[in-house]
Amino acid sequence: MMYNDFPAHIILRELESDNLLPAILFRTARKQCDADVESLARNDQAVLGQEQRLKIEAEVQKVIDKYGFEPHFITGYPQYNALISTGVGAHHAGQLLIWRLLLEELMSRGMLRLLVATGTVAAGVDFPARTAVVTAHSRRGSEGFSVLSPAEFQQMAGRAGRRGKDAVGVCVITPSRFSDARVLLEVSKRPPEPLRSQYFAAPSTVLNLLKYRNVDDLQYTVERSLGSFLDRNGASRLRQQALTEQEGIDSDTSLKGEKLKKAEKRVRRILREAEELEQRQEVSLAASLDGLRNLGYVEGGSLTEKGGWAAELCTSLVLELGEAIASGLFDDCALFELVGLVASIAGDPHRPYFKLKENPVKPDLYKAMKDIVNRVHDLYKGPGLSEVEVLPDAALTVITWMDSETWPEFAGLLRLSGVADGDVARLVGQTADHLNQLTRLEKTHPVLAQSAKVARSRLLRPPFSETLLVVD
C-alpha cells in the first residue's frame with residue numbers, strides 16, 4: 001500500500017534531520033492518518049523527551065481553558081496519549097470537531113511536529129507549516145480515484161511556508177506507484193479552473209424567493225445571474241465554433257457525399273448545444289416550478305397555503321419534510337420518533353451507522369417515510385433534489401445519543417460498531433439543523449415546532465454543543 005512505501009516514522013525522521021518541521025503529511029484516507037499516529041506512538045525513536053511532553057500538556061490545558069471544553073473530552077480521546085508522547089496528530093472528518101480544533105490550535109502555536117491529514121485540512125483550515133508532504137497524485141471521491149485538480153494540489157502545496165518564520169516553504173513528493181511526481185508537475189502547470197456559478201433553482205431557494213417575488217421576478221433574476229451569464233458566454237463560443245466549421249465546409253469543395261453530411265450534422269449539433277446551454281437556467285427554473293406545482297406548493301405563479309409555511313424551511317429536505325408534515329406523519333409521534341424520522345433522511349447512505357441495538361421506531365413509520373421520499377422523487381423532476389434514502393441505522397444512532405447519559409458511554413458503543421465520531425457528529429448536526437427549521441413553524445404548526453425545539457436541545461449536548469457543532 002502507498003503509506004507502506006514511505007512509513008510515517010521515516011518521513012518524520014528525514015524531515016527532522018533536515019530541519020523541515022513542522023510539517024503537514026497529506027494522506028488519502030482517514031485510516032491512513034490514524035495508522036500513522038498509532039505506529040509513531042509505538043516507535044521509541046518518535047517519542048519526545050519529558051520536557052517537551054510537559055510543554056504540550058500545558059498548551060493543551062490552555063486550549064481547554066480558552067474554549068471552555070470539558071477536559072475529559074480531550075484527555076479521554078483515543079489519540080490523546082499519542083499526541084502528547086510524539087507531538088503528532090491525525091486530522092480528518094472522522095473525528096470530533098473539538099479534537100480537530102485542538103490540533104489546529106497546537107499547530108498554530110508551534111507545538112506539533114507533524115500533522116497527518118486528509119485533504120479537508122488543505123481546503124478548510126488556514127494554518128501553514130514549514131513543509132507540506134504530498135503522498136498521492138490522486139484523491140478518492142464518490143466515483144473512485146481521480147487525479148488531483150490544480151486547485152487541490154495548490155491548496156496542499158500552499159500550506160508550506162509560515163509568514164514571518166520561513167524564508168521559503170517546501171513541498172515534498174514521496175514517490176510511489178500512487179504518487180508520481182511527473183503527474184503532479186503536470187498538474188501544477190495547468191491553468192486555474194474556470195469560475196462556476198453555484199446557483200441552481202433548488203426547491204428551498206424557489207419557495208423562499210416566492211415569499212417576496214412572483215414568477216416573473218424570478219425569471220428576471222435568473223436571466224441576470226452569474227450562471228446565465230456564463231452559459232450565454234459558453235453558447236456564444238459554441239456558435240462561433242459552428243460558424244468557423246461551416247465556413248470550412250463551404251470553402252472545401254472536396255467534401256461530398258457522406259463526409260459532407262457528417263460535417264453538416266456536426267455543425268447542427270453544436271448549434272443545438274448552444275441553444276440548450278443558453279436556455280439552461282430558464283429551463284431549470286421551469287422544471288423546479290413544475291415540480292412544486294405537482295406537489296401543491298405553487299399554484300399559477302404564487303405560493304399556496306402549503307407553500308407559504310414550507311417556504312420557512314430553509315433546508316435541502318424541504319420537500320420531504322413538507323410532505324411528511326402535510327401527510328400528518330409527525331402528528332402523533334413521540335419525541336424519539338420525531339428525532340428518528342428526521343435523522344433517517346438526514347444521513348449519508350455511504351456511511352456506516354450504529355446498529356447494535358433494537359430500533360425503537362416502528363417499521364410502519366419508516367415505510368411511511370419511504371413512501372413520502374418516493375412520492376417526492378416521482379413528482380418533482382427539477383434541480384436540487386437531494387439523494388435521500390430512509391436509513392433506520394442513522395435514526396437509531398441519533399436516538400441512542402439522545403438517550404445516552406454520557407459521551408464515554410455513547411462513544412464506547414460507536415467504537416464497538418466501527419462508527420467514526422466525526423460521522424456521528426455530522427449526522428447529529430444535520431438532524432439538529434433540520435429540527436431547527438421545524439421550530440420556525442410555530443405559527444402554523446405550534447406543537448411540532450415545540451417538539452422540534454425540545455428534541456434539538458436534547459441533541460446539542462457536549463461534545464455536540466451548538467457553539468461548536470459545524471457540519472463539514
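Rule-based calculations on the coordinates, nothing more; no lab input. What you see is a predicted model, and the numbers here were worked out from it, not measured in a lab. Note that we place each Cβ from the backbone using ideal geometry, even for glycine, and neighbour counts take in every protein chain shown.
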Does anything in the range 336-359 have its amide N under 19 Å from the 7 Å Cα→Cβ label point of residue 140, and if so which residues? 348-354
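Which FRET efficiency value, to the nearest 0.05, do you get for residue 196 and residue 314 by plugging their Cβ-Cβ distance into 1/(1 + (r/R0)^6) with R0 = 22 Å? Could the numbers behind the result be given before it?
On the way: r = 23 Å, r/R0 = 1.04.
After rounding, the FRET efficiency stands at 0.45.
Can you give the extra length, in nm with one decimal, that the chain gains between residue 186 and residue 359 once fully stretched, where that is 0.36 nm per residue apart less the Cα-Cα distance? Please list the in-between numbers first.
Details: separation 173, 0.36 × 173 = 62.28 nm, distance 5.17 nm.
Between residue 186 and residue 359, full extension yields an extra 57.1 nm.
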Based on Cα positions only, what radius of gyration and what Dmax would you give for the range 313-459, in angstroms? 14.7, 44
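Taking the range 293-346, which chymotrypsin sites (Phe, Trp or Tyr not before Pro) meet the DSSP loop condition and have no more than 14 other C-beta atoms within 10 Å?
Numbers: sites: 297, 309, 330, 336; in loops: 297, 330.
Listed in order of number, the matching sites amount to none.
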If you stretched the chain out fully between residue 457 and residue 217, how much longer would it get, using 0.36 nm times the residue separation minus the C-alpha to C-alpha distance? 82.5 nm
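Within a Cβ distance under 15 Å of residue 300, other residues only, what is the Lys/Arg minus Asp/Glu net charge?
Numbers: positive: 213, 293, 306; negative: 216, 217, 290, 299, 305.
Counting the neighbours of residue 300, the net charge comes to -2.
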Cα-Cα over 27 Å: which of 381/453; 306/370; 189/262; 31/355; 31/381? 381/453; 189/262; 31/381
Residue 149 paired with residue 379, simple spin-label distance in nm, labels 7 Å along Cα-to-beta-carbon: 3.6 nm
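Report, for the chain, the % of DSSP beta bridges that are antiparallel, rounded to 5. List each step's numbers first, then the result.
Numbers: 7 of 24 bridges.
Antiparallel bridges: around 30 percent, rounded to the nearest 5.
Run through the range 355-430 and list the GluC sites (Glu not before Pro) located in a DSSP loop whose Cβ has at most 11 other Cβ atoms within 10 Å.
Details: sites: 358, 387, 389, 405, 409; in loops: 358, 387, 389, 405.
Taking the range 355-430 and a limit of 11 other Cβ atoms within 10 Å, the loop GluC sites (Glu not before Pro) found are 358, 387, 405.
Are there trypsin sites (Lys or Arg not before Pro) in the range 407-455 that DSSP puts in a loop and that have at most 14 other Cβ atoms within 10 Å, and which ones?
On the way: sites: 415, 426, 440, 443, 453; in loops: 443.
Counting only loop positions with at most 14 other Cβ atoms within 10 Å, the trypsin sites (Lys or Arg not before Pro) in the range 407-455 are 443.
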When the C-alpha atoms of the chain are aligned to their principal axes, what extent does each axis show, in angstrom, from largest down? 78, 72, 38
Out of the DSSP beta bridges found with both residues in the range 2-188, what percent are antiparallel (nearest 5)? 25 percent
For the range 2-188, max minus min Cα coordinate along each principal axis, in Å, sorted largest first? 46, 36, 34
